[in-house]
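These notes concern the structure reproduced below.
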Amino acid sequence: MADEENLYAAPEAELSPSGDAATAGGDGEGPREFSEAISTVIKLYFKSFVPLLFVSVPWAMIMVISNHFYETGVESILFEGEGYALAGMSLVAMSVSGMYFWGVGQLMVHNVYGEREVGGEFEKAIDRLLPLLGVGFLTGAATMLGAVLLIIPGLIAFGLLIVADLSVIIEEKNPIEGIRRSFELTSSVDNWSFGFAVLCVSFLVGIFLSCPMGMLFFATENDPVIAAVGTMVYATAVIPLYLCANYVAFRGLLARNGAAIAGSEQPPEAGTDGEAEW
């Protein structure tokens, strides 16, 4: 892995696991095995944590503020029969800002992974916001429908659609193309299991990290200040983890399918031996 002092320097090329130079667009091969993917997530997490503070901190602040107004609106609905507009606008604010900052974060992780200069992600995410909202709505609806029918179909849908948003923001596909791309990458049982397992581990770690804040919240009798601080701390620590895990799953699925990021040069052929840079 490159020296920390070169983190924001844009090199001439990124190295694939075989040592072959790929394009500066981040087309090097990703981790193929689960253990390698988890190791990559950990390293990428620590390497991208500082730049991702520009994503996780404002995102957490918006979540805290929006959640406050949402709860106020719900209380008004329950006790006064009004407040629908406030609750609805709060949900919209959380959803739109969530997809926007998720897109910004994935672009940052993409650049850090490829040893490219971090910058311009906020502007690009604005350009891709509508497709991101579209794919977020479609994948969320499919997953929720599967979960309503039975738990297992919901989990299967989640695994099949796991990188649709990455295709939309990184490869600049439209929502339908992004969903189709995710299906292609996760069509086999092995690839579905790989992507699902990588994200499940990150979710479990996130739950583990939330336990101390949850215990403190209940110990202080649901103190709203403690809840707000806990949300900030939790989001700052966990959001980068989810971003890195999702991105590494995407790169790993590309490698396992012998595919490249759309619009880039082809990576080394599937099965090429070599030590991963990460």
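The values are calculated or read from the model by the stated rules, or taken from the named source; none is laboratory data. Since this is a predicted model, take the numbers as computed values, not measurements. Glycine also receives a Cβ, built like all others from the backbone with ideal geometry; neighbour counts cover every protein chain displayed.
Computed quantities for the displayed model
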read-out: Given (1) touching a residue at least 40 places away in the same chain (Cβ under 8 Å); (2) in a helix (DSSP H, G or I); (3) of a type in the set (Asp, Glu), number of the condition residue 71 does not satisfy; value: (1)
read-out: Any chance residue 133 is crowded, with 17+ Cβ neighbours inside 10 Å, free of Cβ contacts under 8 Å to residues at least 60 places away in the same chain, closer than 30 Å to residue 75 by Cβ and among the hydrophobic types (A, V, I, L, M, F, W, C); value: yes
read-out: Residue count for the stretch 39-69, restricted to those that are closer than 18 Å to residue 231 by Cα, of a type in the set (Phe, Trp, Tyr) and surrounded by fewer than 20 Cβ atoms within 10 Å (Cβ to Cβ); value: 3
read-out: Count of the stretch 138-185 residues which are in a helix (DSSP H, G or I), touching a Pro at 6+ places or on another chain (Cβ under 7 Å) and farther than 16 Å from residue 260 by Cα; value: 3
read-out: Which numbered condition residue 32 fails, given (1) at pLDDT below 75; (2) within 30 Å of residue 190 (Cα to Cα); value: (1)
read-out: Residue match in the stretch 156-171 (condition: within 13 Å of the chain's Cα centre (by Cα) and of a type in the set (S, T, N, Q)); value: yes
read-out: Test: residue in the stretch 118-132 that is out of contact with any Lys or Arg (no Cβ under 9 Å at 6 or more places or on another chain), at pLDDT below 90 and either in a helix (DSSP H, G or I) or on the phi < 0 side of the Ramachandran plot (or both); value: yes
read-out: Residue list for the stretch 70-97, restricted to those being surrounded by 15 or more Cβ atoms within 10 Å (Cβ to Cβ) and at positive phi; value: 83
read-out: Odd one out for residue 88 among (1) modelled with pLDDT under 90; (2) farther than 19 Å from residue 61 by Cα; value: (2)
read-out: The stretch 136-185, subset closer than 14 Å to residue 102 by Cα and small (Gly, Ala, Ser), residue surrounded by the fewest Cβ atoms within 10 Å (Cβ to Cβ); value: 136
read-out: Members of the stretch 186-199 that are closer than 20 Å to residue 106 by Cβ and either buried (at least 23 other Cβ atoms within 10 Å of the Cβ) or free of Cβ contacts under 8 Å to residues at least 40 places away in the same chain (or both); value: 186, 194, 195, 198
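One line per residue, one yes/no per condition, for (1) closer than 26 Å to residue 206 by Cβ; (2) at pLDDT 85 or above:
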site	(1), (2)
240	yes, yes
257	no, yes
263	no, no
266	no, no
270	no, no
277	no, no
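So that you can scan it fast, the table gives a plain yes or no per residue for (1) modelled with pLDDT under 85; (2) closer than 21 Å to residue 199 by Cα; (3) assigned to a loop (DSSP other than H, G, I, E, B); (4) aliphatic (A, V, I, L, M):
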residue	(1), (2), (3), (4)
27	yes, no, yes, no
41	no, yes, no, yes
54	no, no, no, no
62	no, no, no, yes
79	yes, no, no, no
82	yes, no, yes, no
